[in-house]
1. I'd like to check one number: the per residue accessible area of segment 367-467, probe 1.4 Å, reported in Å² as a whole number.
2. Counting other C-beta atoms within 10 Å, and keeping those with at most 13, which DSSP coil trypsin sites (Lys or Arg not before Pro) do you find in segment 429-467?
3. If you take every DSSP beta bridge whose two residues both sit in the chain, what share of them, in percent to the nearest 5, is antiparallel?
4. Just to verify a number: FRET efficiency for Glu402 and Glu358, C-beta to C-beta distance, R0 = 25 Å, to 0.05?
5. At 1.4 Å probe size, with every protein chain present, just tell me what the per residue accessible area of segment 209-328 comes to in Å².
6. Is there a pair in Lys142/Lys441; Lys147/Lys425; Lys288/Lys438; Lys273/Lys453; Lys44/Lys142; Lys79/Lys316 whose C-alpha atoms are over 28 Å apart, and which pairs would that be?
7. Place a label point 7 angstrom from the Cα of Ser323 along the Cα-to-Cβ direction, then list the residues of segment 176-208 whose backbone nitrogen is under 17 Å away.
8. Taking 0.36 nm per residue of sequence separation and subtracting the Cα-Cα distance, how much length would be gained by fully extending the chain between Ser209 and His161, in nm to one decimal?
Amino acid sequence: MTEKNANKMWGGRFAASPADVMQEINVSISFDKVLAPHDIRGSKAHAAMLSEAGIITKSDAREILKGLDQIAAEIESGKFVFSEELEDVHMNVESRLKELIGAPAGRLHTARSRNDQVATDFRLYVRDAADGIIQSIVGLQKALVAKAETHAAVVMPGFTHFQPGQPVTFGHHLLAYVEMLGRDRGRFQDARRRLNECPLGSAALAGTSFPIDRAKTAEVLGFDRPMANSLDGVSDRDFALEILAAASIAAVHLSRLAEEIVIWMTPQFGFIKLSDRFTTGSSIMPQKRNPDAAELVRAKIGRIAGAFQGLLMVIKGLPLAYSKDLQEDKEATFDALDSLRIGLAAMTGMVADLEPVEEAMRAAAGRGYSTATDLADWLVRELKMPFRDAHHVTGTIVKAAEDRGLDLEDVPLDVMQAVEPKITKDVFSVLSVENSVKSRKSYGGTAPQSVAKMARAWARRLEKDASGR
């Protein structure tokens, strides 16, 4: 077998090249090339450490670092040519390095394996993506808080079972998502802390006999510490699973808000307006204004949650240490984190763009006898009636209103007194939706004053978090 036909990557052990289908299933450069900046960063840290430890010469290290800088520039400028024949990002970078500097390039792979190399690259990628997502979540929270403070007193219906429940304010509704996103941000921050350990130096699976300084490479790459077990270092992907789990939950929250935007945009609700910037038209129905951005954000959850489930299934049956199955950890993860990134950006834009239609919200808030609980509470508070009795009296009055086609606040006093003689005209003070929301002053409640205060508190908190104070 000639050198031309032999597999160059595996050296003397293999005499023939892989079958075409083997090459097709094995190659990963089409997607793992996005790891190139991280691969170069890890290689530079490794080369510097090898030199400091006396494992390679300082002159070789200088040549390696110079060559890696040139490759990084080529990649950034788009001039670097990735080759499928070289299978993955690591071999593409190493091959180009050899073209540039010759023999010293072969010393870069001393005391490491592609197993710990890719684990390090992938952690660096996921960590950077998590940092970006955390900042994007903050951006969406700020947009929601600003909108909530502006509309702290705009009354809208609150629903349970998607039926009118009690009046709330638009600001209060938006702040609910701020709270959800705060927990999402916490999950990403918590997962980031756990992933911030360095696999580099684990080598293939058992560590290395060379006197490497793993603490040094971990420090240079911004990790808190090296991973303590080489088998774990090369074989586990729970850092990606945890980030994908956090991404899935965050995507669910985005999807819920997107669904509400879609509903609120319908003529049947008419609660909000979105500008041309976040809507599209129809090729056949000229009257249409479609909330496509919200619909696409809503759809992203399928890809993101699917990535989590897919990686979970890849890992569940793997014995220690590295298996080629782990090549399937990246493509879906890249797509999921990018989908969440764009979903957050789109939702931030929509929240800043949307405006409530206050009249429609106010009218809907008054339908469905939404202040019935306020009537029951008044009976308890003013007439000292047990709540269960008050509930029954209120239900009877609601039925009387329904039979007469009246809103609750328009039911005549004598009709209410026919059900409960002790009711006085003071009851009308609690039956309007405005007075209903104003009365909900309990911590976390929907009273406009409380909503405005909570919005200001969130604004201060987000500003503090952003400044690192």
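The values are calculated or read from the model by the stated rules, or taken from the named source; none is laboratory data. This one's a predicted model, so the numbers in the text were calculated from it and none came from an experiment. FYI the Cβ positions are ideal-geometry reconstructions off the backbone, even for glycines, and counts take in every protein chain you see. For accessibility, only protein heavy atoms count, side chains too; no ligands or nucleic acids. Shrake-Rupley method; radii C 1.70, N 1.55, O 1.52, S 1.80 Å.
1. On the way: 5870 Å² over 101 residues.
Counting only protein heavy atoms, the per-residue value for segment 367-467 is 58 Å².
2. Lys441
3. Working: 9 of 11 bridges.
Beta bridges within the chain, antiparallel portion: roughly 80 percent.
4. 0.40
5. Ligands and nucleic acids excluded, the result is 52 Å² per residue.
6. Among Lys142/Lys441; Lys147/Lys425; Lys288/Lys438; Lys273/Lys453; Lys44/Lys142; Lys79/Lys316, the Cα-Cα distance tops 28 Å for Lys147/Lys425; Lys288/Lys438; Lys44/Lys142; Lys79/Lys316.
7. Taking a point 7 Å out along Cα→Cβ of Ser323, the residues of segment 176-208 whose backbone N falls under 17 Å are 205.
8. Details: separation 48, 0.36 × 48 = 17.28 nm, distance 6.40 nm.
Gain on stretching Ser209 to His161: 10.9 nm.
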